[in-house]
Structure formats: C-alpha cells, structure tokens
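Have a look at the structure below before the remarks.
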Amino acid sequence: MEGNIIKNRGFLKVVFVGTVLVTLMTASDTLYINVDSSTINWTGRKITGKHSGTLNLSKGWVVIEGDSIIRGKFIFDMISINNTDIESPE
C-alpha cells in the first residue's frame with residue numbers, strides 16, 4: 001500500500017510519502033511503515049517567509065478496523081532534520 005499523509009496545523013505542514021508493509025491480525029490490520037523507502041518533507045511558515053526540508057522516520061504503524069484508523073504511532077528521527085532551502089549553515 002502506498003500513499004500520502006498530509007497534516008496541516010497552524011504554520012507547520014508535514015507531507016509523508018512512503019510504503020506500508022501489511023501484517024494481518026485477527027480482528028484488525030496493522031500496517032507498518034517501510035522507513036527505508038519513506039520520505040517526510042516539511043514546511044514551516046512565518047509571517048516573513050517559510051523554510052522547508054526533510055526528516056527521517058524511525059518507525060511507524062497504524063491499526064485499521066474496517067474503514068477506520070483506530071490507532072497508530074510515528075516516531076521521527078529529529079537528529080536527521082534537514083533544512084533544504086538555506087544554503088548557509090548560519
């Protein structure tokens with residue numbers, strides 16, 4: 001299963017593009033994120049402009065019952081955060 005998850009709250013927009021590995025359970029399905037083929041692109045906005053970059057995912061999963069996501073967890077590797085629109089490190 002492949003897809004995009006877009007979360008837009010306030011001034012931060014995170015776009016998750018990745019592949020989900022499926023493991024079947026008896027009452028529900030647990031979908032595990034394939035972190036090796038997943039990309040997170042982020043955009044932070046402020047009054048005077050915006051910045052964007054990438055971020056790695058350490059692990060993640062969601063549990064689906066029927067047509068609903070009932071729970072899940074995404075763990076982000078904050079050490080990997082990268083700003084892609086600033087040329088100078090200062």
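In table form, for the structure just shown:
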| item | result |
| --- | --- |
| Per-residue ³J(HN,Hα) for the stretch 37-45, Karplus 6.51 cos²θ - 1.76 cosθ + 1.60, θ = phi - 60°, Hz, x for Gly and Pro | 10, 10, 10, 10, 10, 10, 9, x, 10 |
| Set of the stretch 51-68 residues, backbone N closer than 17 Å to the point 7 Å along the Cα-Cβ line of Ser28 | 60-68 |
| Highest-first arrangement of 41-50, 59-68, where packing means the average Cβ count within 10 Å | 59-68, 41-50 |
| Full-extension gain in nm, Arg71 to Asp85, via 0.36 nm per residue minus C-alpha separation | 1.7 nm |
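Read the figures in this text as sums done on the coordinates, not as results from a lab. Quantities reported herein were computed from a predicted structural model and do not represent experimental measurements. Positions of Cβ are backbone-derived with ideal geometry, glycine not excepted, and every protein chain shown enters the neighbour counts.
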